[in-house]
Amino acid sequence: MDSVSAKFIHDRFSDYYRINLSTIQPPSAIEKREFGFILFKERMMVRHKAFRTVERLRDFLKEIVPSDAYYSSAYYELPEEKMEAKGRLGTDLIFDIDADHISTPCQKTHDRWICRGCGHNSKGLPPETCPSCGYEKFEEKSWMCEICLDSAKNETIKLIDFLMKDFGYSSEEIDVSFSGHRGYHVSVEKNEVHALDQVARREIVDYIIGIGIEPELHGLSERPERGTRIIAGPSLDALGWRGRIARGTYELLLSSAPQDLRNMGIKPKTASAISKHSERLLRSWKDEGPWSVVRDVGAESWMKLALYGVEKESAKIDTVVTTDIHRLIRLENTLHGKTGLKKAKVAATSIEGFDPFESAVAFKKGTAKVKISSAPQFRLGDESYGPYQNETVELPTAVALLLLCKRRAKMV
Ligand SMILES: [Zn+2]
Ligand SMILES: [Zn+2]
């Protein structure tokens, strides 16, 4: 990055920490947490830092102005020591939902990857290995679009539902934030989760992503009744995965055309029977009647559809983050180095109406003139911007900063 653009970004981050320092809140038990910071200058990570009070943490932020600031999900006896000497006392239960892990139709239009081995590049998410040279490292040029962030929000809503209904946490016990880039963070800090080991956390992950959920073990069965065979399924308001399977499959029936059902491996005759009699099916389900009220739809088809129902109801969390008991997570109300937006808290109960493109905007004043190489159309606050292609524009500070941080523009 050129030095003028780099200085502009650094100066704005510095303004932010000078003016908004009091909004930086400490994680619980601040003295037991490890902190880490990415510095602008060397792009390197400084970690194993610890602070006894929030004032010291704030002074540090104001002093060094990091591009990114993190704290550990773990509590340590000696947080400043090397990893093996820290003495872990416990770890919060944390979840990360990132648009990078959810496939959306728009990814192909706004994301690109470039192989670091041979320079081969293409649209969408990067493959496991480069198709042209086999290398595994890529430079990713992603964008944070509304559709992608909406789908991340939907997954977060499903996760919160699991935590409240299946795990019994109240909305006040669940901390939710927009990450400042492409996703959401969710954490539970209750004492009882601290001692969970990696295996236990893996169990929780599997439950939430629906690994190994077999509808036959959750109330979907075929059995003889009065000389005929009926297929019965779990009821819509059943607890746990039973109700989720019923609701997921129900939603599927409501939203799928015959062609969609055929794409799920359902025979054409069965698919049209389902579509034709969907109202009768749904009525029977609502009255807790059998699933088998339509001829031509047998147990095998219902099993297939119920698995899609499981897929629909599962929450697409990043499995690695939850099982890592030493993870560093972004500190609330600090700025994200890739966007200049802040990590913004949202109440678990009001996430539905939360607008990340409004709540995460950290700069409300001033403008800056930038030369934009390319950017898709996007919104920040109430205004829409772009698309841009090789042009010089005067933009509000937050918008210019986003483009500069995303390496899509340079200061003029
Ligand atoms: Zn390659
Ligand atoms: Zn998108």
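The values are calculated or read from the model by the stated rules, or taken from the named source; none is laboratory data. The structure presented is a predicted model; accordingly, all values stated were derived computationally and were not measured. Backbone-built Cβ (ideal geometry, glycine too); neighbour counts: all protein chains shown.
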Is it the case that residue 133 is outside the structural domain of residue 47 (by TED's automatic domain parsing), within 16 Å of ligand 1 (Cβ to nearest atom), buried (at least 20 other Cβ atoms within 10 Å of the Cβ) and touching a residue at least 12 places away in the same chain (Cβ under 8 Å)?
no
Scope the stretch 82-105; condition of a type in the set (S, T, N, Q) and within 20 Å of residue 157 (Cα to Cα); matching residues
103, 104
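Which of the residues belonging to the stretch 316-331 are closer than 20 Å to residue 57 by Cβ, basic (Lys, Arg) and not in a strand (DSSP E or B)?
Of everything in the stretch 316-331, just one residue is closer than 20 Å to residue 57 by Cβ, basic (Lys, Arg) and not in a strand (DSSP E or B), namely 327.
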Of all residues in the stretch 113-124, which are within 29 Å of residue 315 (Cβ to Cβ) and either within 9 Å of ligand 1 (Cβ to nearest atom) or buried (at least 19 other Cβ atoms within 10 Å of the Cβ) (or both)?
113
Near pairs, Cβ below 6 angstrom, 6+ apart or cross-chain, from the stretch 271-297 (assigned to a helix (DSSP H, G or I)) to any residue that is of a type outside the set (A, V, I, L, M, F, W, C):
271/258; 271/262; 272/258; 273/296; 275/258
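Yes or no, residue by residue, for (1) at positive phi; (2) of a type in the set (A, V, I, L, M); (3) at pLDDT 95 or above:
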position: 79; (1), (2), (3): no, no, yes
position: 89; (1), (2), (3): no, yes, yes
position: 101; (1), (2), (3): no, no, no
position: 104; (1), (2), (3): no, no, no
position: 119; (1), (2), (3): yes, no, no
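Listed here are the residues, each with its yes/no results for (1) buried (at least 17 other Cβ atoms within 10 Å of the Cβ); (2) assigned by TED's automatic domain parsing to the domain that holds residue 333; (3) among the polar types (S, T, N, Q); (4) under 18 Å from the mean Cα position of the chain (by Cα).
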site	(1), (2), (3), (4)
179	yes, yes, yes, yes
226	no, no, no, no
247	yes, no, no, no
250	yes, no, no, no
Would it be correct to say that residue 365 is basic (Lys, Arg) and surrounded by 15 or more Cβ atoms within 10 Å (Cβ to Cβ)?
no
Here is a list of conditions, (1) more than 30 Å from residue 190 (Cα to Cα); (2) surrounded by fewer than 17 Cβ atoms within 10 Å (Cβ to Cβ); (3) in contact with a Phe, Trp or Tyr (Cβ under 9 Å, 6 or more places away or on another chain); (4) of a type outside the set (Lys, Arg), and residue 145 meets all of them except one; can you say which number that is?
(2)
Buried (at least 20 other Cβ atoms within 10 Å of the Cβ), touching a residue at least 60 places away in the same chain (Cβ under 8 Å) and closer than 23 Å to residue 228 by Cβ, is that true of residue 241?
no
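Based on what the data block shows, is residue 96 touching a residue at least 60 places away in the same chain (Cβ under 8 Å) and part of a strand (DSSP E or B)? First the steps, then the outcome.
On the way: touching a residue at least 60 places away in the same chain (Cβ under 8 Å): yes; part of a strand (DSSP E or B): yes.
For residue 96, the condition - touching a residue at least 60 places away in the same chain (Cβ under 8 Å) and part of a strand (DSSP E or B) - is met.
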Mind listing whichever residues of the stretch 72-97 are surrounded by 20 or more Cβ atoms within 10 Å (Cβ to Cβ) and either in contact with a helix residue (DSSP H, G or I) (Cβ under 8 Å, 6 or more places away or on another chain) or over 30 Å from residue 15 (Cβ atoms) (or both)?
74, 75, 76, 79, 86, 91, 92, 93, 94, 95, 96, 97
Can you name the strands (runs of 3 or more DSSP E) wholly within the stretch 346-401 that have at least 1 residues being at pLDDT 95 or above and over 21 Å from the mean Cα position of the chain (by Cα)?
367-375, 383-385, 388-396
